[in-house]
Amino acid sequence: MYIVQIASECAPVIKAGGLGDVVYGLSRELELRGNCVELILPKYDCMRYDHVWGMHEAYRDLWVPWYGGGIHCTVYCGWVHGRLCFFIEPHSQDFFFDRRCYYGCDDDNMRFAFFSKAALEFLLQSNKRPDVIHCHDWQTGLIPVMLFEIYKYHGMENQRVCYTIHNFKHQGTGGVETLQATSLNRPDYYFDYDRLRDNFNPFAVNFMKGGIVYSNAVTTVSPHHAWEAHHTDVGCGLSHTLHLHQHKFSGVLNGIDYDFWNPEIDRYIPYHYSQDTFAEKARNKKALRDRLLLQDADKPLIAYIGRLDDQKGVHLVHHALYYALNNGAQFVLLGSATSPKINDHFWHEKRYLNDNPNCHLELGFNEELSHLIYAGADMIIVPSNYEPCGLTQMIGFKYGTVPIVRGVGGLVNTVFDRDYDPTKPPEQRNGFVFEHTNEAAFESAMIRAMKLWYNEPEAFRQLAIQGMEYDYSWNHPTESYLAIYEQIRHK
């Protein structure tokens, strides 16, 4: 099958979050199964050019219709760790992708509306006719709209679109100018509620809603998050649209790359181990303590790795720190804050706890250290307010690090409570789950985990190994996506 992925990120060349990892990981697994996969990306000035091999001009004179005129683009081609990628560079006074950033500009909606238009124009002019175009998040939401309303009349009537939503919180909106710029025009037609009109702002078109309405299949990144988006406020105003299109909406769990996250071959950890050599994990715990100047004592080590923001339940992360210290555990945090207020708060805590031999706060992100923490910690907390998929718990499983999570989103689909899960027999349970966002609920899960570590070390070890037995690679998600592709190809 010939598949083109169109996205605003692809790790490691363009990565702001988990989206980049998903686009790369899925593309790689699809190729390993014999499919032809190409990626179309913006050519940002700040992307990691050192991860692109053999960059060269692939299409020199791409003219993209824009506001009744045209913008001249050059399309470059290169390989990102084996993936064939096309990078679109517009030569425009708007400098769409020469901003020293990926996102965060006041005109992001127009930047990515242009990218979507340019990607389709490149497919058209270069005579590429993929079986499936797979688009990601709001940045590419207008692609299925323009494909159906414009490009199918120019020789692209057989292309099908799978649209994946990674984060409902950011949807992309624009006004009449968006329609004029992209040649969609006809505001009376597109501002219809059943097409692009935002569900709560009658003066805006919603990019993500357009993606849902016009795509042949819509997915999000876990089955439970799909249910939440359909039935709760997690859909951020799009629940009714999802309800109208529920026949084509589903959740497909993300995967992780076991070539990168694997304690048997991890180049960032000093001692390799597996389920059969689980005792070696303790040597990594000692190495982590040595590196962070922590006391080498008979205590469980609890970790948090991730962003420090409201989505991740930052109030509970802070509470867990002191709850662990007050209940005979050590605590390690690795993360960067997304707001000055949260940043200031954790820097205050870091200074206050600087000489405490049982905790270390590393404020920032350090890839190498994150691997050592996964390998050295006994437990990892994921107390998110909402979590579309969650990769932290999946990585934790692979490293035999028991997750303590809140029962939301993809965490529900991956973590099965040792004591209470009704869906799995005891020998298939793998962590601890709490339901509510209050401190008491979180404490109940943390204390169960810590008591098991102290009172039944062999049972705790067995729980960690049961987590290692799960396969959260890209193997199963890719099967699901291939089934979706096959289904929409024949419609």
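Of the two radii for segment 252-311, the radius of gyration is 1.03 times the Kirkwood radius, both from the alpha carbons; that is the Rg over Rh value. Annotation: for a label point projected 7 angstrom from Cα along Cα→Cβ of Cys236, residues of segment 91-109 with backbone N closer than 19 Å are 102-109. The spacing between segment 124-148 and segment 286-342, judged by their C-alpha centroids, is 42 Å.
In this simple spin-label model, placing a label point 7 Å from the Cα along the Cα-to-Cβ direction at both Thr437 and Gln180 gives a separation of 4.1 nm. Spin-label model, Trp79/Glu57: points 7 Å from Cα along the beta carbon direction are separated by 2.3 nm. Put simply, the Cα atoms of segment 324-367 extend 31, 24, 17 Å along their principal axes, the longest span coming first. Structural descriptor for segment 104-208: relative contact order 28 percent, calculated from alpha carbon pairs under 8 angstrom and at least 6 residues apart. Ordering Phe365, Phe122 by the number of other Cβ atoms within 10 Å of each residue's own Cβ, fewest first, gives Phe365, Phe122.
Ellipsoid semi-axes for segment 235-279, based on the Cα gyration tensor and the rule √(5λ), read 43, 11, 9 Å when sorted largest first.
Once the Cα-Cα distance is subtracted from the 0.36 nm per residue extended length, the Asp188 to Arg283 segment shows a gain of 27.6 nm.
Are any of the pairs Lys15/Lys491; Lys15/Lys281; Lys285/Lys341; Lys117/Lys248 more than 26 Å apart by Cα-Cα distance, and if so, which? Cα-Cα > 26 Å for Lys15/Lys491; Lys15/Lys281; Lys285/Lys341; rest within.
Express the relative contact order of segment 336-491 as a whole percentage, based on alpha carbon pairs under 8 Å and six or more residues apart in sequence. The value is 17 percent. Just so you know, the Rg over Rh for the chain is 0.99, from Cα atoms, with Rh as the Kirkwood radius. Only helices enter this figure: runs of n ≥ 4 DSSP H residues, each worth -39500 (n - 2.57), summed and divided by the residues of the chain, yield -11000 deg cm²/dmol at 222 nm to the nearest 500.
Residues Phe168, Phe148, arranged from fewest to most other Cβ atoms within 10 angstrom of their Cβ, appear as Phe148, Phe168. Taking a Cβ cut-off of under 12 Å around Leu244, the surrounding Lys, Arg, Asp and Glu residues balance to a net charge of +2, with basic ones at +1 and acidic ones at -1.
Amide H contacts under 5 Å for Phe331: Ile302, Cys359, His360, restricted to partners 5 or more places along the chain or on a different chain, H placed in the peptide plane at 1.01 Å from N. Couplings 3J(HN,Hα) for segment 443-459, derived from phi with the Karplus relation 6.51 cos²θ - 1.76 cosθ + 1.60 (θ = phi - 60°), are 4, 4, 6, 5, 6, 5, 5, 5, 5, 5, 4, 6, 8, 9, x, 5, 5 Hz, where x marks Gly and Pro. Computed extension length for Lys350-Gln295: 18.1 nm, one decimal, from 0.36 nm per residue of separation with the Cα-Cα distance subtracted. Determine the relative contact order of the chain: mean sequence separation of Cα pairs under 8 Å and six or more apart, normalised by residue count, in whole percent. Taking the mean separation of contacting Cα pairs over the length of the chain, I get 12 percent. Counting only Cα atoms, segment 138-212 measures 35, 29, 20 Å along its principal axes, largest extent leading. According to the square roots a ≥ b ≥ c of the eigenvalues of the Cα gyration tensor, what is the shape class of segment 63-174, taking rounded for a/c under 1.5, prolate for a/b larger than b/c otherwise, and oblate for the remainder? Judged from the Cα gyration tensor, segment 63-174 comes out rounded (a/c under 1.5).
Computed over segment 278-468, the percent of Cα pairs more than 21 Å apart is 45.
Considering only DSSP beta bridges with both partners in the chain, what is the antiparallel share in %, to the nearest 5? If I count the DSSP bridges inside the chain, around 35 percent turn out antiparallel. Separation of segment 79-110 and segment 9-70 by C-alpha centroid, Å? Segment 79-110 and segment 9-70 have Cα centres spaced 10 Å from each other. The alpha carbons of segment 166-294 occupy a box of 66, 30, 25 Å along the principal axes, longest dimension given first.
We did not get these values from a lab; they are worked out from the coordinates using the rules stated. What you see is a predicted model, and the numbers here were worked out from it, not measured in a lab. FYI the Cβ positions are ideal-geometry reconstructions off the backbone, even for glycines, and counts take in every protein chain you see.
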